[in-house]
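One structure is given below, encoded as structure tokens.
The values are calculated or read from the model by the stated rules, or taken from the named source; none is laboratory data. Not measured: the values here are computed from a predicted model. Please note: Cβ atoms are built from the backbone with ideal geometry, for glycine as well, and neighbour counts cover all protein chains shown.
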Amino acid sequence: MAGGRALFERLHRMQDLVPFTPLADGLPTPLDQVDDRLWVKRDDLTSSVYGGNKVRKLEFLLPIAARRGALLVTAGGIGSHHVVATAVYARQLDLEVEAVLYPQPITDDVRRTQAHLREQGVRIRLTPHRYLMPLVLAQRMAALAPFRPYLLWPGASTPLGTLGYVSAALELVDGWDQPAPPDTVVAALGSGGTVVGLAIGLAMAGWTDTRVVGVRVADRSVTNPAVLGSMQAGTLALLALGGYVSCSAARPVEIDGRWFGPGYGHPTPAGDAAGERAASYGLEVEPTYTAKAFAAALARADAGERVVFVQTYAGG
Ligand SMILES: Cc1ncc(COP(=O)(O)O)c(C=O)c1O
């Protein structure tokens, strides 16, 4: 199998055209049916080192940082799984990581993530508010310019990183053993690469009637149709290099903002209840992303849709 990735199996030429370093040792991830109308794509199991969704994107982005050498700069909340995943895999490639972090409500998961960040030796710059993050990031990139740092976009959601979830969608279709595709695929929507990649990959595989629902867990100013649309256009441009020309109307991602609650990282009662249901299926979710997304997935399955939930959380 070409690089062990469904995308390269489908578009052989891509492998010669895009940077790629295998980091995830758990692919393809299992697809478990946990209830009558509910399946879970187990992306908590993408890697035995640190699973979750980020490693699929980092496989396409970290090789560029490694080519540059030395230092990578990124950003996220103080409990960012993205920053932990980046630090874990950057270390494997001998890269140092500096992260600009902004406050978010402290939960058990945030505490655990902070401990991981300390363990990984990430150099941390704190900013007092998330809206100041882009300014501080720019300031750090300017200050560190003599070291030629690589800027890893927060959330690793660039067109290149999004290829990781195009591949995940192809993997999902390959592993589906039901007579008809599901009605809906649900995932948490933060920086957007996960759901945009899923929507493109499902269309590529011919699941044009399956809707992809992104459960918005971040502010509308950073997570909105314009941001997702430009990421989709950029990713399709990369795929065109590999010979994929999209004529079929890929359904745009549906953004579901009803589960967001008071703000980024704030637990919600629906998310807490979803966490209990998740535990009864042997799954672990956390309040910022996956509890809210799982609440949405459950509501849809309970209302009669056949739903695949993409479990993007590595686990605590
Ligand atoms: C556990 C988890 N799920 C989902 C997401 C959201 O993915 P994306 O940023 O691709 O929208 C994140 C992002 O950090 C995450 O940590």
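A few comments on the model shown:
- Verdict on ALA314 being within 15 Å of ALA188 (Cα to Cα), free of Cβ contacts under 8 Å to residues at least 40 places away in the same chain and either away from the ligand (no atom under 16 Å from the Cβ) or touching a Phe, Trp or Tyr at 6+ places or on another chain (Cβ under 6 Å) (or both): no
- Look at (1) farther than 30 Å from ASP108 by Cα; (2) in contact with a helix residue (DSSP H, G or I) (Cβ under 6 Å, 6 or more places away or on another chain) and you find that VAL245 fails only one, number (2).
- Unmet requirement for ARG118, which otherwise passes all of (1) under 25 Å from ALA299 (Cβ atoms); (2) surrounded by fewer than 19 Cβ atoms within 10 Å (Cβ to Cβ): (1)
- From PRO19, PRO63, residue being away from the ligand (no atom under 16 Å from the Cβ), in contact with a Ser or Thr (Cβ under 8 Å, 6 or more places away or on another chain) and touching a residue at least 12 places away in the same chain (Cβ under 8 Å): PRO63
- Failed criterion for LYS54 (all others in (1) of a type in the set (D, E, K, R); (2) surrounded by 19 or more Cβ atoms within 10 Å (Cβ to Cβ); (3) at pLDDT below 95 hold): (3)
- For segment 178-195, a tally of residues being within 16 Å of LYS41 (Cα to Cα) and more than 8 Å from the ligand (Cβ to nearest atom) returns 7.
- Counting only helices (runs of 4 or more DSSP H) that sit completely within segment 196-302, zero hold 1 or more residues that are touching a Cys at 6+ places or on another chain (Cβ under 8 Å), touching a residue at least 60 places away in the same chain (Cβ under 8 Å) and away from the ligand (no atom under 13 Å from the Cβ).
- Test for ARG220: is it assigned by TED's automatic domain parsing to the domain that holds MET14, surrounded by fewer than 24 Cβ atoms within 10 Å (Cβ to Cβ), within 23 Å of GLY265 (Cα to Cα) and not β-branched (Val, Ile, Thr): yes
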